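The structure appears below as structure tokens.
Just so you know, all these numbers are worked out from the coordinates, no wet-lab data involved. All values reported here derive from a predicted model rather than from experimental measurement. Reconstructed Cβ throughout: ideal geometry from the backbone, glycine too, with neighbour counts over all protein chains shown.
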Amino acid sequence: MKYKLIALLLVLVVGITSAQEKKWTLEECVTYAVENNLSIEQYELDLENTKIEESDAFGDLLPNLNGTNSYSSNTGFSINPTNNAPTNSTAFNMNASISSNITLFDGLRNINRLNRAKLNAIAGQYRLDDLKDDIRLSVANAYLQVLSNKESLKVARAQYAVTEQDLKRTKELVDSGVVPKGDLLEIEATAANQEQQIVNGESRVLIARINLSQLLQITDYENFDVVDETFNIPPSNVLDNSAKDIFNKALTYRNDIKFSESNVTLAEKDLKIAKGAIYPTLSGFVNYGTRYSDVTTLLDGNNVPYTPSFKDQLWVFDGVSYGAQLNVPIFNGFSTKNGIKRAKIQLEKSRLQYKQDKLDLESNIQQAYVDVKTFNKAYEAAEKTLEARRLAYNYSKERFDVGLMNAFDFSQAQSRVDNAEADVVRTKYDYIFRLKILEFYFGIPISLN
């Protein structure tokens, strides 16, 4: 028993440690966010409601069926149900009926409501999928921000390590009287500044991790982290297509466009439903009923009064009624006319919104297309600048080591390298994210591979 408890504790410790050491990939973050987002769960419930509305609309096409049954007992004055004569005797009465009604024609409103409910369920699915797309992009942006801040922090720590070596060597030169103490103070100031950058970088990494974990709705901020990888620019041929080609493809599958288009179709159905109110409504009905009363008396073949049994009365007094009812709208205070006007206005608004959504999509794609090219050039320029700054720094270091450059000028050279490396990291991840946005518009799933 003792060894079993020890083994169980070891399993728990290993499980907790592995859970704390888990680092998330982009694909895992995106999948988890989509599966656990509260807004998505609310939209899914809304989608369930639309499916219920579809069932309601289908049920309106079917005939209803209702049964009624009543029991009563009268003491004192009452009306005899057999001959409708007044009586003072105690009577027990029962009435039962079953009825059915069906709408035969109502201006096709019932059929249009069913079609509208089906379209509304489809629109709800588009709305849900569009939200998932937005969450995927938000998670990708937050994920790349964590990576960008982590890489910037690595650069800052590497720069500080180099400065520490310079600081150590400068101390030796100052102690030996080769360089003045002012050079040492200058490098110490540089080191202090880099330490501050490291602290700020750690803070930015933490904030970026918290932002990402909040998107995933994970509250264990301290143990949440992403994989420690440095991503290079992923290969992509999306720029082989023009912005117009990307837009034309996006129109065929983008969920926000499909949702906007479905709203136009829904508004068209609403207009048909509103117009259906000007037509007459024809409905049919059928009813079967029977009754029983213990004060009922009938005459037999010899004209002798007798009280029929319960079963006999149910057969004797049963009956069927059926028919049809036509309702013709003549005047209803302009409600039908105004309802049609409102439906037309809503249809026009939906069409305008659909046009606006397509214009917004085209504008976003054009902007994303330009951003990809711009940030690609910015990244290439940043790399060239970094290469030049490093060459200048190496030259400055050689001069500083032999005493041909003072510490202030050397620190400036090093600062320019630091800034250039930070620009490379920033422009690289800016370019990656813009590239992923453009690929997403083109229908390529989000991935860093």
Over the chain, the sum of -39500 (n - 2.57) across DSSP H runs of at least four, divided by residue number and rounded to 500 deg cm²/dmol, gives at 222 nm -24000 deg cm²/dmol
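For ASN287 and ALA324, compute 0.36 nm times the residue count separating them, minus their Cα-Cα distance, and round to one decimal in nm. Present the calculation step by step, with values, prior to reporting the outcome.
Details: separation 37, 0.36 × 37 = 13.32 nm, distance 1.18 nm.
So the extension gain works out to 12.1 nm.
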Just how far, in whole angstrom, is region 116-152 from region 231-268 if you go by their alpha carbon centroids? 14 Å
Gap separating the Cα centres of region 276-294 and region 156-216, nearest whole Å: 89 Å
Between region 34-97 and region 315-330, how far is it from one alpha carbon centroid to the other, in angstrom? 19 Å
With DSSP loop assignment and no more than 15 other C-beta atoms within 10 Å, the trypsin sites (Lys or Arg not before Pro) in region 20-67 are LYS22, LYS23
Would you list SER411, SER309 from fewest to most Cβ contacts within 10 Å? SER309, SER411
Whichever lysines have a C-alpha closer than 30 Å to that of LYS171, once near sequence neighbours (fewer than 8 apart) are set aside: LYS154, LYS181, LYS397
If I build a Gaussian network model for the chain, linking alpha-carbon pairs within less than 10 angstrom, which residue out of TYR393, TYR143, TYR431 has the largest mean-square fluctuation? TYR393
For ASN66 and SER447 in one chain, what is 0.36 nm times their gap in residues minus the Cα-Cα distance, to one decimal in nm? 131.3 nm
Relative to the longest principal Cα axis of the chain, at what angle does helix 26-36 sit, 0 to 90 degrees, rounded to 10? 30 degrees
Computed over the chain, the relative contact order (Cα-Cα under 8 Å, seq sep at least six) in percent reads 22 percent
Taking 0.36 nm per residue of separation between ILE102 and GLU172 and subtracting their Cα-Cα distance, the length gained on full extension comes to 15.0 nm
With springs only between Cα atoms under 10 Å apart, run a GNM on the chain and tell me which of VAL162, VAL316, VAL417 wobbles the most. VAL316
Between SER415 and LEU38, what's the calculated FRET efficiency when r is the beta-carbon distance and R0 is 45 Å? Round to 0.05. 0.45
Can you put TRP24, TRP315 in order of Cβ neighbours within 10 angstrom, beginning with the fewest? TRP315, TRP24
Determine which aspartates and glutamates satisfy two conditions relative to LYS377: a Cα distance under 12 Å, and not lying fewer than 8 residues away in the same chain. ASP430
Compactness check, the chain: C-alpha Rg relative to the 2.2 N^0.38 Å globular estimate gives 1.81
What nm value, rounded to one decimal, do you get for the distance between ASN80 and ASP134 when each label is placed 7 Å out toward the C-beta? 7.7 nm
